[in-house]
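The structure under discussion appears below in the form of structure tokens.
Bear in mind these aren't lab numbers, they're just calculated from the coordinates by the rules spelled out. Quick caveat, the model's predicted, so the values are computed rather than measured. Here Cβ is always computed from backbone atoms with ideal geometry, including for glycine, and neighbour counts include all displayed protein chains.
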Amino acid sequence: MRVAVTGSSGRLGRSLATGLAALGHEVVGLDRAPAGLVGVDERTVDLAAPGAAVAALADLRPDALVHLAGIAVPFSAPERDILLTNTALAHDVLAAAASAGVGRVLAASSPTPVGYSSPAWRAAAVPIDETHPLAPANAYALSKVVIEETVRMFARTAPGAFGFFRPCYVISPEEWAGAPTQQGHTVAERLADPALAAVSLFNYVDARDVAGFVDAWLAAPADAIDGEGFFVGAADALAERPVAELWREFAPALGPAADDLGGTAPVFSIAKARDRLGWSPTRDWRSELAAAAAASAPAAPATPTGARLDDGCAASSPRTRRESAHSAAGTAAAASEPTAATASAGTAVAPAVPTGARIGDECAPSGPRTRRESAHSADGEPAPTGPADTSTITATTTATNTGTRTA
Ligand SMILES: NC(=O)c1ccc[n+]([C@@H]2O[C@H](COP(=O)([O-])OP(=O)(O)OC[C@H]3O[C@@H](n4cnc5c(N)ncnc54)[C@H](O)[C@@H]3O)[C@@H](O)[C@H]2O)c1
């Protein structure tokens, strides 16, 4: 199937595009800058430019489209900009897909519309599934609610073609190896301090598992996906202890129903995707961290005598992503429960240093980010402090050459 992926150079897009290509799809990536993806036809385009989405899809004529592009981090830009950018972009891309007669169109939403970032929020039921009431508490979550409704609108005009998914906290291959996650801290740090993962209710998903989900979604019967949404998460919680043991201290909004989340059970249910699409995730944090630690082990002797790469940013100069990756993976493996280190690293591996990545987040000049600083940049967090980062919507001045092939 010829599949166009918007936002293909992003945290999720890189793994999704290469993963779909590895599964046999002909993938065209649409982004403002290429990421050097193996097996992906990357086109440079600013989809927010007037007419750009229509021109791109009229040229490409894909069988399917997955829309990821947008501002992906709550409070990373002024609230109004997030709302207008995400909703307008989604509307324009989906409208262009409808006009071009694209047979399957899948848009990225988020779990945040459920509303758990609000201090007043209480879970209506646990586990949380797609029937849970929505209560968006910031412009990002609201933009996703609008995107979901936009999907339903187009589903009425093109039955069997449109749907959306709610990816949980995305962890890309390099992040298992220690690169900073969306919040700036590593997976190891997120596990070591349950307060970090509690802000998203311990949800996560391996970015490559999202490719498997999209593949299943594309192959599903029309009535299984028509205007529907799916949580896409791991089969376990991103926590070293059962959520049943953690919720009282770290996520009291879940309430006593969370007492039933014993073992490794996640807060978000993925039963709908399993039952309707036959999809289940194949990766979990224990095996991925063990595999990453095993992969990095041979590099250990190169460490200078007495030096520690997992020193919590004690050095004055920023660490490289590679150094960071090795150290954090080792720390994580030591902290996690022992598991088999034989898990496959998968077939779709994104570039080690993605375009636009901010590798200095872990080691800010003033030292490690505090829990509060990290939490504010998370998917679904309380209101932030400090200046908004509008880079996502301003760094596009030269990227309007719709359809130009760059890689
Ligand atoms: N990362 C997560 O944990 C997570 C969780 C839930 C939902 N999501 C959603 O998944 C999608 C992808 O998230 P991500 O983490 O990969 O985001 P990201 O910020 O890493 O990537 C977004 C990509 O979209 C591109 N883009 C933005 N505006 C564009 C435009 N006008 N034209 C062309 N390209 C444009 C950017 O260049 C970037 O490569 C987003 O819609 C996000 O809201 C992500």
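When all alpha-carbon pairs of the stretch 26-155 are counted, what percent fall beyond 24 Å? Show your work: numbers first, answer last.
Details: 2933 of 8385 pairs.
It works out to 35 percent of all Cα pairs.
Which residues does a label at residue 249 reach in the stretch 166-204, if reach means a backbone N under 16 Å from a point 7 Å past the Cα toward the Cβ?
Inside the label zone: 190-199, 202.
Using packing as a proxy for protection, rank 255-263, 160-168 so that the peptide with the highest average count of other Cβ atoms within 10 Å comes first.
Working: 255-263: 14.6, 160-168: 23.6.
For the peptides 255-263, 160-168, the packing ranking is 160-168, 255-263.
Once R0 is set to 41 Å, what does the formula 1/(1 + (r/R0)^6) return for the Cβ-Cβ distance between residue 55 and residue 125, expressed as a FRET efficiency to the nearest 0.05? Intermediate results must be reported in sequence, preceding the final value.
Details: r = 45 Å, r/R0 = 1.09.
Between residue 55 and residue 125 the formula returns 0.35.
If I model a spin label at residue 222 and residue 157 as a point 7 Å from the Cα along the Cα→Cβ vector, what separation in nanometres do I get?
Distance between label points: 1.7 nm.
Taking H placed 1.01 Å from N in the peptide plane, check which residues at least 5 places from residue 230 or on another chain put their amide H under 5 Å from its amide H.
164, 165, 166
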